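The values are calculated or read from the model by the stated rules, or taken from the named source; none is laboratory data. Owing to the predicted nature of the structure, the values given are computational and were not obtained by experimental measurement. No Cβ is skipped: glycine too gets one built from the backbone with ideal geometry, and neighbour counts run over all protein chains shown. Calculation scope for accessible area: heavy atoms of the full protein, side chains included, ligands and nucleic acids excluded. Shrake-Rupley method; radii C 1.70, N 1.55, O 1.52, S 1.80 Å.
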Amino acid sequence: MSKSSPIKSKPFEIGLTGGIGSGKSTVARMFEILGVPVFNADLAGREVLDTDLDVKSAVVQLFGAEVYQNGKADRKAIAAVVFSDSELRNKLNGIIHPAVGRAYHHWRDRHCDLPMVMKESALVFETGIHANLDATVLVTAPVEVRIDRTTSRDGVKRADVEARMAAQLTDAEKIPLADFIIENHGSQAVIPQCLAIHQKLQDRIKLR
């Protein structure tokens, strides 16, 4: 009788989230410095939008072939439509999120020898994926700070940022769902908060 294959260990899975302009990508880089690999769901979403044939086919059926130019998705054109049409946005999310989820699981399995991994996503709570994670870290910042950061960073109009915010839960709605909160509004240093949370996550892992 052949021996069964050994069961791979699963790392402690942490969701990192925050609204647009909250600074979650900055926090992600800090955790990477601490040795925690980070999966960026937004970047993965862009990749599947451009490379996954099933995703591309479904997106063309939804928006038309003109949303692809030279094989690349025109994300600005798509965003201009979906952030003003919740039905289309939900349909697009229904196409992209499962593909990103599969990409994340493949990525996580490549890091099964590590104690913890982090999934950075703006929609951890909105999509319900927090229910399948071991812990969540929420990055918060005042609305006006987030708008200023995003308009300066992306060169977009205030109304565009507000439309994207309207498609996400507010910080007040997310806070009760999160295990850890990082306040990124300038009056409290972010690095000590990251260090403290990293230590608490390590303590949780020891208790598993």
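Looking only at region 83-98, how many residues end up being in contact (Cβ under 8 Å) with a residue 24 or more places away in the chain and either touching a Lys or Arg at 6+ places or on another chain (Cβ under 6 Å) or under 16 Å from Asp42 (Cα atoms) (or both)?
7
Quick check, is Arg29 closer than 30 Å to Pro192 by Cβ, assigned to a helix (DSSP H, G or I), charged (D, E, K, R) and open to solvent by 20 Å² or more (accessible area, probe 1.4 Å)?
yes
So how many residues does region 118-148 have that are without any contact (Cβ under 8 Å) to a residue 12 or more places away in the chain and either at positive phi or not charged (D, E, K, R) (or both)?
Matching residues across region 118-148 total 2.
So which residues in region 171-187 are modelled with pLDDT under 95 and either closer than 21 Å to Glu13 by Cβ or out of contact with any strand residue (DSSP E or B) (no Cβ under 9 Å at 6 or more places or on another chain) (or both)?
Gly186, Ser187
Test Gln168 against the stated conditions and say whether it is surrounded by 15 or more Cβ atoms within 10 Å (Cβ to Cβ), at pLDDT 95 or above and polar (S, T, N, Q).
Answer is no for this residue.
Does Thr151 satisfy being among the hydroxyl-bearing types (Ser, Thr, Tyr) and in contact (Cβ under 8 Å) with a residue 60 or more places away in the chain?
Considered against the rule, which asks whether it is among the hydroxyl-bearing types (Ser, Thr, Tyr) and in contact (Cβ under 8 Å) with a residue 60 or more places away in the chain, Thr151 comes out as no.
Does Gly101 fit the bill of being under 20 Å from Leu169 (Cβ atoms) and without any contact (Cβ under 8 Å) to a residue 12 or more places away in the chain?
Spelling it out, it is not the case that Gly101 is under 20 Å from Leu169 (Cβ atoms) and without any contact (Cβ under 8 Å) to a residue 12 or more places away in the chain.
Kindly indicate whether Leu43 is open to solvent by 60 Å² or more (accessible area, probe 1.4 Å), out of contact with any helix residue (DSSP H, G or I) (no Cβ under 7 Å at 6 or more places or on another chain) and either in a loop (DSSP other than H, G, I, E, B) or under 26 Å from Thr26 (Cβ atoms) (or both).
When the stated conditions are applied, Leu43 passes them.
Among the listed residues Gln199, Gln168, Gln193, which satisfies the condition of being free of Cβ contacts under 8 Å to residues at least 12 places away in the same chain and in contact with a helix residue (DSSP H, G or I) (Cβ under 9 Å, 6 or more places away or on another chain)?
Selected residue: Gln193, the only one of Gln199, Gln168, Gln193 that is free of Cβ contacts under 8 Å to residues at least 12 places away in the same chain and in contact with a helix residue (DSSP H, G or I) (Cβ under 9 Å, 6 or more places away or on another chain).
Could you tell me whether region 147-165 includes any residue that is within 22 Å of Glu13 (Cα to Cα), among the acidic types (Asp, Glu) and either out of contact with any helix residue (DSSP H, G or I) (no Cβ under 8 Å at 6 or more places or on another chain) or surrounded by 15 or more Cβ atoms within 10 Å (Cβ to Cβ) (or both)?
no
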